[in-house]
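Trainee: I have a structure here, written as structure tokens, and I will follow up with some questions on it.
The values are calculated or read from the model by the stated rules, or taken from the named source; none is laboratory data. What you see is a predicted model; the values in this text were computed from it and never measured. Positions of Cβ are backbone-derived with ideal geometry, glycine not excepted, and every protein chain shown enters the neighbour counts. Ligands, DNA and RNA are excluded from the accessible area calculation, which covers all protein heavy atoms including side chains. Shrake-Rupley method; radii C 1.70, N 1.55, O 1.52, S 1.80 Å.
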Amino acid sequence: MSGGGPPRKRNFKIELFKHRVELDPKYAERTWKVLEHAIHEIYNHNASGLSFEELYRSAYNMVLHKYGEKLYDGLESTMTWRLKEISKSIEAAQGGLFLEELNTKWMDHNKALQMIRDILMYMDRTYVPQSRRTPVHELGLNLWRDHIIHSPMIHSRLLDTLLDLIHRERMGEMINRGLMRSITKMLMDLGAAVYQDDFEKPFLEVTASFYSGESQEFIECCDCGNYLKKSERRLNEEMERVSHYLDAGTEAKITSVVEKEMIANHMHRLVHMENSGLVNMLVDDKYDDLARMYNLFRRVSDGLSTIRDVMTSYLRETGKQLVTDPERLKDPVEFVQRLLNEKDKHDKIINVAFGNDKTFQNALNSSFEYFINLNNRSPEFISLYVDDKLRKGLKGATEEDVEVILDKVMMLFRYLQEKDVFEKYYKQHLAKRLLSGKTVSDDAERSMIVKLKTECGYQFTSKLEGMFTDMKTSQDTMIDFYAKKSEELGDGPTLDVHILTTGSWPTQPCPPCNLPTEILTICDKFRTYYLGTHNGRRLTWQTNMGTADIKATFGKGQKHELNVSTYQMCVLMLFNSTDGLTYKDIEQDTAIPASDLKRCLQSLACVKGKNVLRKEPMSKDISEDDTFYFNDKFTSKLVKVKIGTVVAQKESEPEKQETRQRVEEDRKPQIEAAIVRIMKSRRVLDHNSIVAEVTKQLQARFMPNPVVIKKRIESLIEREFLERDKADRKLYRYLA
């Protein structure tokens, strides 16, 4: 036994052969013959009898003994010879068998190539990269390309056959899509350049020619809707064709060709096509056709802008006709309803057919803004529409319905450039609704004010909110008045007073008329009460704005309760002491302004069913020579009879001018305030910049006129808020 401790390390040494190993000179040739025979057997489908292990070892040894080049060149020449033989077989195939033979031989070649690559794997991994030769599989593909695909007898025949089959499919025939897929995949496997140069480019050219002719044929015989259907179908067919047997990269190119030939080249003719173009589709609400046009045109350059331009032009033209047609301006409510209907109609088209495209929505908005502001009465008419809805139009409507209608009105309101004019009219109409108690819903009224406040800010609605506050305060005041003075008042007429804050309400200076003695007594008592509880205030009766309920007894003891204006009450009370009065007598006794008195008498004597007075001579108009009598023969089925004052729904021309003048006056301080704000921050500014800045600041309420801005600047210079620069007269300086 050996002693303890680690075992000793033994050193091994590898020595060189003492003598050279010499190979048989015919070794390489003999080995190659074996491999060559194996390659032929593989192509002849006799590979089952081969020993792949021995063949691999033979190829391995050839490369190991530096015969790689002989092996590679031998492989190349053998495959070339085989492919030339295959080429003859393919060329001989007749008619429809041509593609099948080509496909079969291609599949065989691929299988053979796989086996050959496995046998020559060692050469592929060592000799090929070292000597920078083409790998075996790639070599096989290149040889197939050069000797089969680019064979003079096959090349053009293959292209013609493929294009013919595609044409036949376009014309409705069934073709073997699986075979087509195999052939196009072969071309792709040979390299993208082969697929593109030998098939795709000519295919796209032939396709362009085909659709150029077909589109011309279609456009001559079809209307716009049918043409678009055919175009859409063709486009879908081409995309389907790509998915079935063409390379995915072809889709963008082929769709581009179809889009150019079918859509882009005929775009303008399609949208303007007589009796069926874009305008007809818009008029007739053809949602499907419009959606199809949108989806097809969006695929081509300037397609959507073409649709948008034609739509905008049509909207502006029809809108202009709508707002300038004298017939349509006769009824303001109907006028605004038409605008809302047009907006709803085109909103639906954009939503349903144009995918709610924001650019189309903007085009619609700019068109409406353009034509609504062509009519300077639009602010008044929109306010009258709201007035109509809040008086009677919303009776029975749900809260949601009310919100929808008010939201639609606000949409039109946003288009107005003169929002301050709307505010003026809205204040007048709201005042009449509140004072006559004719508002359909306080909630609806407040909802409208909230919407205006959200849109334009607190300043816009502060006075409107003040009107509601006054109504509530007045209610509380009257309860307190009757609580404290009920004994003192006795059984006389009852009084309901609305105390309106000057400035909040659109009141006009109006000389009070001569009230009947009975009414004057209770009015004086109320004045004494109110001024006793509110120091430093003044009360001015607005007799032009009040109403009254009076009881009247006619012939045969028939009694009615008449709901009349304060002016009408003053006139009727005169007939308690006399049967007949001349116009001059009434004017003198009541002191009602002439224009108001004529309207008042007209409503009392000339309106059928409401004629509690009789006029001589009888006519529709009131003249200063007329005489009026109490109409003893007045009858009505109703106990309560409302006698309205004959008044135009729209303003008369003088009233319109007066309102416009008041608006212009109200604008002056706003323009001046904007100028001062701007100059305070900028200190020095030229004229054009001031005009631009002022317009930007005020356009939410109105579009200031540059001439008016210039006048306001002059006024501010006179009052020493600004001064002209001494060196440059176009510059203004702010004076602190």
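Trainee: Could you tell me the extents of the chain's C-alpha atoms along the three principal axes, largest first, rounded to whole Å?
Mentor: 157, 85, 76
Trainee: Calculated FRET efficiency, ASP401 and ILE479, Cβ-Cβ r, R0 51 Å, to nearest 0.05?
Mentor: Values: r = 34 Å, r/R0 = 0.67.
Step by step, r from the Cβ atoms, then E = 0.90.
Trainee: Output the 0 to 90 degree angle, nearest 10, between the alpha-carbon long axis of helix 358-372 and the longest principal axis computed from the alpha carbons of the chain.
Mentor: Once rounded, one gets 30 degrees.
Trainee: If you line up the long axis of helix 653-682 against the longest principal axis of the chain, both from Cα atoms, how many degrees apart are they, to the nearest 10?
Mentor: With rounding to tens, the tilt is 60 degrees.
Trainee: In terms of Cα to Cα distance under 15 Å, which aspartates and glutamates are near enough to LYS485, apart from those fewer than 8 places away along the same chain?
Mentor: The reachable aspartates and glutamates, counting only those whose Cα sits under 15 Å from LYS485, are ASP476, ASP496, ASP524.
Trainee: Then there is this: Please compare each pair in LYS395/LYS472; LYS438/LYS598; LYS389/LYS451; LYS427/LYS710 to a cut-off of 20 Å on the Cα-Cα distance and tell me which ones are over it.
Mentor: On the way: LYS395/LYS472 23 Å; LYS438/LYS598 25 Å; LYS389/LYS451 16 Å; LYS427/LYS710 30 Å.
Those over the limit are LYS395/LYS472; LYS438/LYS598; LYS427/LYS710.
Trainee: Helix-derived [θ] at 222 nm for the chain: sum -39500 (n - 2.57) over DSSP H runs of at least 4, divide by residue count, nearest 500?
Mentor: Details: 31 runs with 459 residues, N = 736.
After summing the helix terms and dividing by the residues of the chain, the value is -20500 deg cm²/dmol.
Trainee: Further question: May I ask you to give the solvent-accessible area per residue for segment 19-149, in square angstrom, as obtained with a 1.4 angstrom probe?
Mentor: Working: 7310 Å² over 131 residues.
Per-residue value: 56 Å².
Trainee: State the percentage of accessible surface on the chain attributable to carbon and sulfur atoms; use a 1.4 Å probe and exclude ligands, DNA and RNA. Don't skip to the answer; put the middle values down first.
Mentor: Working: 20050 of 40310 Å².
Its accessible area is 50 percent carbon and sulfur atoms.
Trainee: Let me ask something additional. Calculate, in nm to one decimal, what LYS640 and THR104 gain on full extension: separation in residues at 0.36 nm each, minus their alpha carbon distance.
Mentor: That works out to 182.7 nm of additional length.
Trainee: What ³J(HN,Hα) values, in whole Hz, does the Karplus curve 6.51 cos²θ - 1.76 cosθ + 1.60 give for segment 270-286 when θ = phi - 60°, with x put for Gly and Pro?
Mentor: 5, 5, 9, 4, 5, 6, 8, x, 4, 4, 4, 5, 5, 5, 8, 6, 8
Trainee: What accessible area per residue comes out for segment 547-642, rounded to a whole number of Å², with a 1.4 Å probe?
Mentor: Details: 5400 Å² over 96 residues.
Here the per-residue accessible area is 56 Å².
Trainee: A further question follows. Can you work out the accessible area per residue across segment 655-734, with the rest of the protein chains kept in place, probe 1.4 Å, in square angstrom?
Mentor: Numbers: 4800 Å² over 80 residues.
Averaged over the residues of segment 655-734, the accessible area is 60 Å².
Trainee: What are the aspartates and glutamates whose alpha-carbon lies under 16 Å from the alpha-carbon of LYS726, with same-chain residues fewer than 8 places away excluded?
Mentor: By straight Cα distance, LYS726 reaches ASP686, GLU714, GLU718.
Trainee: Between the DSSP loop rule and a limit of at most 12 other Cβ atoms within 10 Å, which trypsin sites (Lys or Arg not before Pro) in segment 324-411 are left? Could you put the intermediate results ahead of the total?
Mentor: Numbers: sites: ARG328, LYS330, ARG338, LYS343, LYS345, LYS348, LYS358, ARG377, LYS389, ARG391, LYS392, LYS395, LYS408; in loops: ARG377, LYS395.
Counting only loop positions with at most 12 other Cβ atoms within 10 Å, the trypsin sites (Lys or Arg not before Pro) in segment 324-411 are LYS395.
Trainee: Once you have the Cα-Cα distance between LYS330 and VAL283, take 0.36 nm times their residue separation minus that, and quote the gain in nm to one decimal.
Mentor: Numbers: separation 47, 0.36 × 47 = 16.92 nm, distance 2.45 nm.
Value of the extension gain: 14.5 nm.
Trainee: Restricting to lysine pairs 8 or more places apart or on different chains, what number in segment 19-149 have Cα atoms under 20 Å apart?
Mentor: Numbers: LYS26/LYS66; LYS26/LYS70; LYS33/LYS66; LYS33/LYS70; LYS84/LYS105; LYS84/LYS111; LYS88/LYS105; LYS88/LYS111.
Qualifying lysine pairs in segment 19-149: 8.
Trainee: Put THR161, THR184 in order of accessible area, largest first, 1.4 Å probe: what do you get? Write down the numbers at each step before the final one.
Mentor: Numbers: THR161 35, THR184 5 Å².
Accessible-area ranking of THR161, THR184, largest first: THR161, THR184.
Trainee: Let me ask something else. Using the beta-carbon distance between HIS687 and TYR458 and R0 = 45 Å, what value does 1/(1 + (r/R0)^6) give for FRET efficiency, to the nearest 0.05?
Mentor: Numbers: r = 32 Å, r/R0 = 0.71.
Working from the Cβ atoms, E equals 0.90.
Trainee: Once you have the Cα-Cα distance between SER209 and ASP160, take 0.36 nm times their residue separation minus that, and quote the gain in nm to one decimal.
Mentor: On the way: separation 49, 0.36 × 49 = 17.64 nm, distance 1.53 nm.
Extra length available between SER209 and ASP160 comes to 16.1 nm.
Trainee: Shifting gears a bit: Taking every DSSP beta bridge that has both residues in the chain, what percent is antiparallel when rounded to the nearest 5?
Mentor: Values: 20 of 24 bridges.
Expressed as a percentage, antiparallel bridges in the chain total about 85.
Trainee: Under a straight-distance cross-link criterion of Cα-Cα below 16 Å, which aspartates and glutamates are reachable from LYS201, leaving out those fewer than 8 residues away in the same chain?
Mentor: Hits, sequence-local ones excluded: ASP160, ASP164, GLU238, ASP247, GLU251.
Trainee: Please determine, in degrees from 0 to 90 and to the nearest 10, the orientation of helix 442-456 with respect to the longest principal axis defined by the Cα atoms of the chain, where the helix direction is its Cα long axis.
Mentor: The answer is roughly 60 degrees.
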